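Here is the structure we will look at, set down as structure tokens.
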Amino acid sequence: MPPCEGGYKEFEIGKLFDVKTSKSVDKNGLFLVDKDSNTVQFIGRTQVNNGIQGYTKRLHFAPNPAQTFSVIQIGDKVIQYRESEWYASQNIFILTPLFPKLIDTNIYIIGATNKALLRFNGGYNDYPTLNTLKKLRITLPTTSDGNIDFHTMETFVKELEQECLSQIFAKNERTLDCYLKAANAADTTLTNEEKKAIDQIENMRTTFSTIAAEKIFSVKGNPQLNKENFIFAENAEYPYFTRTVKNNGFLGYVKYLDEAHKIDGKVLAVGMLGMQFFYVDHDYYSGQFTKSIRPKDFELDEVLALWFISWFNQSSNYYKSLLVRDFEKAFNNTKITLPIDADGKIDFALMRMYISAIKKIVIQEVRERMAKEYAAYHQVIGETE
């Protein structure tokens, strides 16, 4: 606990708040909608998402006012701060502060009240009533004249926030540096060759050709099996590719099954639901409705794949508008613009150099953005202290 001039004293909730029982609404009778400027939060008896279970249009009675607190009576017995107006389900109290409405003070009050609420630990058979909640005592710092020391609470919370944020930024920076070192990507200084590649591509100082995808890729449906056919394991070797657009399209990793269903890697893979293209370097297995996009006369790698993925994903919404059976024809007719070398062939070397440069630029932008966010936070903290 932070030091204070008057020491720590107990205060009754009823002396700090106007405590009432919130008018309840049955969630089953509500039509929850997306959040906008005309909606009101609906609060349920849960700690998840700060109790917010959705949003509703204004009802025939006024919502609970903003800058108040809610306390759950049954189940998760916690206090939560309400920045905006809110409706509530059954068994929720509303606490209106009788003290200055200071955000950082609120965080301290929440911590002290949640600690006091631990005395109601008997599940649904031991819960606060309106009277017992008013009589519940929380411990707060005081000034030399015995009043609540709001300044000490604010200072303590700000220092704690700053320390936590510093640890988060430091951890994120260490994590990023470790990842970049492992990927041999820590150096973000552009070489002369990379600078030249950017100039050639972005300023059109090289020859380009626009060709149909079918000239350099072939589409093949994947042998498919449901996930029940595989053994998933944390250290398994083979990716299991599905129609998800998360985690590079992988639902997880599976153990070797057989050769008949195994798909050769170093291809682009696409699911017929999300129509997002991913590069799969390793041999893999697949779920339903996925296809492999295999290069015809060149070997695809992670770097070159980024160029083609960016082109094909631009057409994702178009592909999704078609029937699955029409995908291959539409893909084959997709036009790709590529740099051409002096011999009239696709300039893969220039493409690799350009992608290498772009990766360095993006990594450096991430580092600079993290530094700016950290500096901006400290500036705000300094201005409010």
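Do we have Leu251 as more than 23 Å from Ile346 (Cβ to Cβ), of a type in the set (A, V, I, L, M, F, W, C) and in contact (Cβ under 8 Å) with a residue 60 or more places away in the chain here?
Details: more than 23 Å from Ile346 (Cβ to Cβ): yes; of a type in the set (A, V, I, L, M, F, W, C): yes; in contact (Cβ under 8 Å) with a residue 60 or more places away in the chain: no.
It is false that Leu251 is more than 23 Å from Ile346 (Cβ to Cβ), of a type in the set (A, V, I, L, M, F, W, C) and in contact (Cβ under 8 Å) with a residue 60 or more places away in the chain.
Among Gly265, Gly274, which is the only one that is touching a helix residue (DSSP H, G or I) at 6+ places or on another chain (Cβ under 8 Å), closer than 24 Å to Tyr319 by Cα and small (Gly, Ala, Ser)?
Numbers: Gly265 fails: touching a helix residue (DSSP H, G or I) at 6+ places or on another chain (Cβ under 8 Å).
Step by step, each of Gly265, Gly274 is checked, and only Gly274 is touching a helix residue (DSSP H, G or I) at 6+ places or on another chain (Cβ under 8 Å), closer than 24 Å to Tyr319 by Cα and small (Gly, Ala, Ser).
Conditions first: (1) surrounded by 13 or more Cβ atoms within 10 Å (Cβ to Cβ); (2) touching a residue at least 24 places away in the same chain (Cβ under 8 Å). Leu322 passes all but one, so which condition is the exception?
Every listed condition holds for Leu322 apart from (2).
State whether the residues of region 81-94 include one that is over 23 Å from Met153 (Cβ atoms), touching a Lys or Arg at 6+ places or on another chain (Cβ under 7 Å) and of a type in the set (Asp, Glu).
No, region 81-94 has no match at all.
Any chance region 124-132 includes a residue that's loosely packed, with under 14 Cβ neighbours inside 10 Å and under 30 Å from the mean Cα position of the chain (by Cα)? Don't jump to the end; show me each part of the working.
Here is the first cut: in region 124-132, the residues loosely packed, with under 14 Cβ neighbours inside 10 Å are 124-126, 129-132.
Of the ones still in play, those that are also under 30 Å from the mean Cα position of the chain (by Cα) are none.
Looking for residues that are loosely packed, with under 14 Cβ neighbours inside 10 Å and under 30 Å from the mean Cα position of the chain (by Cα), one finds none in region 124-132, hence no.
I'd like the full set of residues that are of a type in the set (Gly, Ala, Ser), over 21 Å from the mean Cα position of the chain (by Cα) and surrounded by fewer than 18 Cβ atoms within 10 Å (Cβ to Cβ), limited to region 251-271. Working first, answer last.
Of the residues in region 251-271, the ones of a type in the set (Gly, Ala, Ser) are 252, 260, 265, 269, 271.
Add one more test, that the residue is over 21 Å from the mean Cα position of the chain (by Cα), and what stays is 260, 265, 269, 271.
Within region 251-271, Ala260, Gly265 qualify.
What number of residues within region 23-37 are hydroxyl-bearing (Ser, Thr, Tyr) and touching a residue at least 60 places away in the same chain (Cβ under 8 Å)? Can you show your working first?
Within region 23-37, the subset hydroxyl-bearing (Ser, Thr, Tyr) is 24, 37.
Then drop every residue that is not touching a residue at least 60 places away in the same chain (Cβ under 8 Å), which leaves 24.
Selection size over region 23-37: 1.
Grab the strands (runs of 3 or more DSSP E) fully contained in region 178-250, keeping just those with 3 or more residues being open to solvent by less than 40 Å² (accessible area, probe 1.4 Å) and either more than 18 Å from Ile309 (Cα to Cα) or not hydroxyl-bearing (Ser, Thr, Tyr) (or both).
Details: elements: 207-212, 217-221, 238-241.
Of the strands (runs of 3 or more DSSP E) lying wholly inside region 178-250, those with at least 3 residues that are open to solvent by less than 40 Å² (accessible area, probe 1.4 Å) and either more than 18 Å from Ile309 (Cα to Cα) or not hydroxyl-bearing (Ser, Thr, Tyr) (or both) span 238-241.
Strands (runs of 3 or more DSSP E) wholly in region 56-105 with at least 1 residues that are in contact (Cβ under 8 Å) with a residue 60 or more places away in the chain and touching a Ser or Thr at 6+ places or on another chain (Cβ under 6 Å) - which ones?
86-88, 92-97
So which residues in region 367-385 are open to solvent by less than 60 Å² (accessible area, probe 1.4 Å) and either in contact with a helix residue (DSSP H, G or I) (Cβ under 7 Å, 6 or more places away or on another chain) or modelled with pLDDT of 90 or more (or both), if there are any at all?
Met370, Tyr377, Ile381
Test Lys158 against the criterion of being in contact with a strand residue (DSSP E or B) (Cβ under 9 Å, 6 or more places away or on another chain) and either over 30 Å from Thr56 (Cβ atoms) or surrounded by 18 or more Cβ atoms within 10 Å (Cβ to Cβ) (or both), and give yes or no.
On the way: in contact with a strand residue (DSSP E or B) (Cβ under 9 Å, 6 or more places away or on another chain): no; either over 30 Å from Thr56 (Cβ atoms) or surrounded by 18 or more Cβ atoms within 10 Å (Cβ to Cβ) (or both): yes.
So Lys158 does not fit the description; no.
Kindly list the number of the only condition in (1) open to solvent by 40 Å² or more (accessible area, probe 1.4 Å); (2) touching a residue at least 60 places away in the same chain (Cβ under 8 Å); (3) outside any loop (DSSP other than H, G, I, E, B) that fails for Asp145.
Evaluating Asp145 over (1) open to solvent by 40 Å² or more (accessible area, probe 1.4 Å); (2) touching a residue at least 60 places away in the same chain (Cβ under 8 Å); (3) outside any loop (DSSP other than H, G, I, E, B) leaves (3) as the failure.
Just checking, which of Phe61, Phe99, Phe42 is in contact with a Leu (Cβ under 8 Å, 6 or more places away or on another chain) and at pLDDT 90 or above? Outline the logic, then answer.
On the way: Phe61 fails: in contact with a Leu (Cβ under 8 Å, 6 or more places away or on another chain); Phe99 fails: at pLDDT 90 or above.
None of the others qualify; the one that does is Phe42.
For a quick check of your reading of the model, give me the residue pairs whose first member lies in region 329-357 and is outside any strand (DSSP E or B), whose second is small (Gly, Ala, Ser) and crowded, with 19+ Cβ neighbours inside 10 Å, with beta-carbon atoms closer than 7 Å and at least 6 apart or on different chains.
That search, which allows pairs on different chains as well, returns Phe331/Ala213; Asn332/Ala213; Thr334/Ala213; Leu350/Ala197; Met353/Ala197; Tyr354/Ala197; Ala357/Ala197.
Hey, any hits in region 350-366 for a residue that's on the phi < 0 side of the Ramachandran plot, at pLDDT 95 or above and in contact with a Ser or Thr (Cβ under 8 Å, 6 or more places away or on another chain)?
Taking every residue of region 350-366 in turn, at least one turns out to be on the phi < 0 side of the Ramachandran plot, at pLDDT 95 or above and in contact with a Ser or Thr (Cβ under 8 Å, 6 or more places away or on another chain).
Out of Asn64, Asn28, which single residue is open to solvent by 70 Å² or more (accessible area, probe 1.4 Å) and of a type in the set (S, T, N, Q)?
Working: Asn64 fails: open to solvent by 70 Å² or more (accessible area, probe 1.4 Å).
Among Asn64, Asn28, only Asn28 is open to solvent by 70 Å² or more (accessible area, probe 1.4 Å) and of a type in the set (S, T, N, Q).
Within region 272-295, can one find any residue that is in contact with a Leu (Cβ under 6 Å, 6 or more places away or on another chain), open to solvent by 40 Å² or more (accessible area, probe 1.4 Å) and closer than 16 Å to Asn248 by Cβ?
Within region 272-295, none of the residues are in contact with a Leu (Cβ under 6 Å, 6 or more places away or on another chain), open to solvent by 40 Å² or more (accessible area, probe 1.4 Å) and closer than 16 Å to Asn248 by Cβ.
Would you mention how many residues in region 274-296 are part of a loop (DSSP other than H, G, I, E, B) and in contact (Cβ under 8 Å) with a residue 40 or more places away in the chain? Explain how you work it out, then say what you get.
Step one: list which residues in region 274-296 are part of a loop (DSSP other than H, G, I, E, B), which gives 274-276, 281-283, 287-289, 296.
Remaining after also requiring in contact (Cβ under 8 Å) with a residue 40 or more places away in the chain: 274-276, 282-283, 287-289, 296.
Number of matching residues: 9.
The values are calculated or read from the model by the stated rules, or taken from the named source; none is laboratory data. All of these numbers come straight from a predicted model, not from anything done at the bench. Because the Cβ atoms are built from the backbone with ideal geometry, glycine has one as well, and the counts that use them run over all protein chains shown. SASA here: full protein model, heavy atoms, side chains in, ligands and nucleic acids out. Shrake-Rupley method; radii C 1.70, N 1.55, O 1.52, S 1.80 Å.
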